[in-house]
1. What distance in nm separates the two pseudo spin-label positions at S61 and Q1, each 7 Å out from Cα along the beta-carbon direction?
2. Using alpha carbons only, how many angstrom separate the centre of segment 55-81 from the centre of segment 84-108?
3. Mind listing which trypsin sites (Lys or Arg not before Pro) in segment 1-91 are in a DSSP loop and have 12 or fewer other Cβ atoms within 10 Å?
4. Can you compute 3J(HN,Hα) from phi for each residue in segment 60-76, using the Karplus curve 6.51 cos²θ - 1.76 cosθ + 1.60 with θ = phi - 60°, rounded to whole Hz and x for Gly and Pro?
5. Under 19 Å from the Cα of K85, which aspartates and glutamates turn up, not counting those fewer than eight places away in the same chain?
6. Please give me the summed charge of the neighbours of S55: other residues whose Cβ is under 15 Å from its Cβ, Lys and Arg +1, Asp and Glu -1.
7. Whenever you get a sec, compute what percent of the accessible area on segment 1-54 sits on carbon and sulfur atoms (1.4 Å probe).
8. Given a cut-off of under 8 Å on Cα pairs at least six residues apart, what relative contact order in percent is computed for the chain?
Amino acid sequence: QVQLVESGGGLVQAGGSLRLSCTASVSISGINVMGWYRQAPGKQRELVARFTSGSTNVADSVKGRFTVSRENAKNTMYLQMNSLKPEDTAVYYCNMRRLLRDYWGQGTQVTVSS
């Protein structure tokens, strides 16, 4: 059973930083598609940043502020979020595609106050 566990969310003031972590219960070294999504109240879930077959896709709304990275030896992916804005407030989800199936974490809340 594949499990993804996110951590690192919380309340931060605008301009601040947070680092989210996503730890998988399986090895991620062979995973080509893995990333972060977010969902704000009343809105659809949207892509934030992800690894796709060796490249990285980053949403325009966070480009230059957010950085996705991974540490395969720890089966962990990170999202470094800098210069946070109130509009970044959302539940952030980790996603992994393994053997043609998508897995999701339970989500971690990020709240940015103005």
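1. 3.3
2. After rounding, the separation between the Cα centres reads 12 Å.
3. Details: sites: R19, R38, K43, R45, R50, K63, R65, R70, K74; in loops: K43, R45, K63, R65.
When the trypsin sites (Lys or Arg not before Pro) of segment 1-91 are filtered for loop state and at most 12 Cβ neighbours within 10 Å, K43, K63 remain.
4. 4, 5, 10, 4, x, 10, 10, 9, 9, 8, 8, 10, 4, 4, 9, 6, 10
5. Within reach: E46, D60.
6. Around S55, the surrounding residues sum to +4.
7. On the way: 1290 of 2920 Å².
Solvent-exposed carbon and sulfur of segment 1-54 make up 44 percent of the total.
8. Value for the chain: 37 percent.
The values are calculated or read from the model by the stated rules, or taken from the named source; none is laboratory data. Being a predicted model, the structure only gives us computed values, none of them experimental. All Cβ positions, even for glycine, are placed from backbone atoms using ideal geometry, and neighbour counts span all protein chains on display. Accessible surface areas use protein heavy atoms only, side chains included; no ligands, DNA or RNA. Shrake-Rupley method; radii C 1.70, N 1.55, O 1.52, S 1.80 Å.
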